[in-house]
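For reference, the structure discussed in these notes is given below.
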Amino acid sequence: MAPHPPQSRPSTGPDPAAIDTSRRPFVLIWEVTQACELACDHCRADAQPARHPDELTTSEGKRLLDQTREFGPGQLVVLSGGDPLARPDLVELIEYGTSRGLRMTLTPSGTSSLTPETVHRLSDAGVTRLAVSLDGATPSTHDTFRGENGSFEETVRAARAARDAGLPIQINTTVCAQTVDELPALRDLVDELDAVLWSVFFLVPVGRGRILESISPDRAESVMEWLSDVSKDAPFGVKTTEAPFYRRVAIQHRRDASGSPSSDGIGRRLGITAGDGFAFVSHTGELYPSGFLPKSAGSVRDGGLVERYRESELFQSLRDRDALRGKCGVCEYRHVCGGSRSRAYAHTDDPLASDPLCAYVPEGYDGKMPSDQASGD
């Protein structure tokens with residue numbers, strides 16, 4: 001069979017600063033499968049070796065991409081998993097989304113399937129960015145965390161193949177007690193791999209991640225300050241995932257937390273949290289505010305993606321920063337931060353509660369602390 005010709009990628013998306021997050025997400029993640037060869041300690045999806053029999057089919061996936069296009073041209077879509085490469089129709093879905101004017105990006109797992117040839121096929125299909133995960137700066141530390149020998153080398157090889165193909169690379173790193181000391185060496189590796197963005201994810205205890213130990217709020221604050229310093233001189237952008245108080249730290253350090261290099265192709269913006277500029281569709285079609293906040297606004301198998309994002313009570317409540325409770329609710333930074341709604345939900349079953357990882361206490365606040373809420377005191 002002749003190879004597919006390279007797809008015409010959408011040249012640009014909407015201005016991130018101009019996106020009304022009550023009307024459309026900055027990013028929509030579709031978990032195309034939960035199947036994966038790896039058994040990572042932190043896996044949100046609690047991934048399994050085999051594909052789930054009730055995954056969205058190819059035709060259902062294309063209908064989902066059609067619905068996503070209704071948000072407007074240039075909508076950013078991340079195909080996630082599990083390992084998206086476990087789906088044999090992945091290239092077909094990427095090509096279809098690209099043909100519909102969507103900006104298609106991908107977060108594959110670092111397995112033997114992620115060969116340089118595969119990377120080039122994904123680029124030809126229209127992928128605009130490849131995001132790979134490095135949670136340790138050496139084969140020993142990364143492979144232990146990922147539960148698979150060879151994952152580090154395969155991930156680095158894929159990142160270099162993407163660079164050779166002219167495909168922008170994003171590096172994702174999980175921060176927990178097991179990985180936090182690796183961050184300085186990882187910063188150097190992100191630079192060496194010519195990544196355009198380092199996305200630093202602060203652990204939320206869901207899926208297999210429940211067995212891992214989070215860092216303390218004080219340690220998280222010091223990591224944020226360090227990341228803010230890194231962002232001053234790094235040739236790549238720095239963002240945090242499920243730690244929006246990085247924006248507060250950056251503002252306090254007189255830094256702009258929304259910047260990233262022009263070659264990024266996606267851009268950044270402030271104020272994105274679960275349900276507010278962010279949406280997640282599960283492998284079976286459930287719409288969640290985030291993959292780390294598994295509270296459903298309903299199934300999109302038969303339509304309704306746009307309406308549910310805009311009009312569901314769950315999503316509307318998450319966009320109302322004045323409805324937040326505890327110290328998040330009175331914090332002067334709540335409109336640029338808002339706290340991790342996913343972590344609040346994981347600890348308290350209340351997505352509007354305070355983020356227990358944030359050490360900042362607003363001046364004059366004397367109410368319950370997140371540790372009190374989490375413990376039920």
List every residue pair whose Cβ atoms lie under 7 Å apart, where the two residues are 6 or more positions apart in sequence or sit on different chains, the first residue falls within the stretch 213-235 and is at negative phi, and the second residue, located anywhere, is modelled with pLDDT of 95 or more and among the acidic types (Asp, Glu). Ala234/Asp191; Pro235/Asp191
Going through the stretch 47-57 in order, the residues found to be modelled with pLDDT of 95 or more and surrounded by 15 or more Cβ atoms within 10 Å (Cβ to Cβ) are Glu55, Leu56
I need the full set of residues from the stretch 198-211 which are surrounded by 18 or more Cβ atoms within 10 Å (Cβ to Cβ), at pLDDT below 95 and among the aliphatic types (A, V, I, L, M), in order please. Leu203, Val204, Val206
In the stretch 182-229, what residues are over 23 Å from Arg248 (Cα atoms), acidic (Asp, Glu) and part of a helix (DSSP H, G or I)? Glu182, Asp188, Asp191, Glu192
Being of a type in the set (Phe, Trp, Tyr) and either outside any strand (DSSP E or B) or at pLDDT below 90 (or both) is the filter here, so list the residues in the stretch 230-283 that pass it. Phe236, Phe245, Tyr246
Consider the stretch 143-156. How many of its residues are touching a residue at least 24 places away in the same chain (Cβ under 8 Å) and either in contact with a Ser or Thr (Cβ under 7 Å, 6 or more places away or on another chain) or crowded, with 17+ Cβ neighbours inside 10 Å (or both)? 8
Across (1) on the phi < 0 side of the Ramachandran plot; (2) over 20 Å from the mean Cα position of the chain (by Cα), Gly150 clears everything bar (1)
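The values are calculated or read from the model by the stated rules, or taken from the named source; none is laboratory data. Keep in mind it's a predicted model, so treat the numbers as computed, not measured. Every residue, glycine among them, receives a Cβ derived from its backbone with ideal geometry; neighbour counts consider all protein chains shown.
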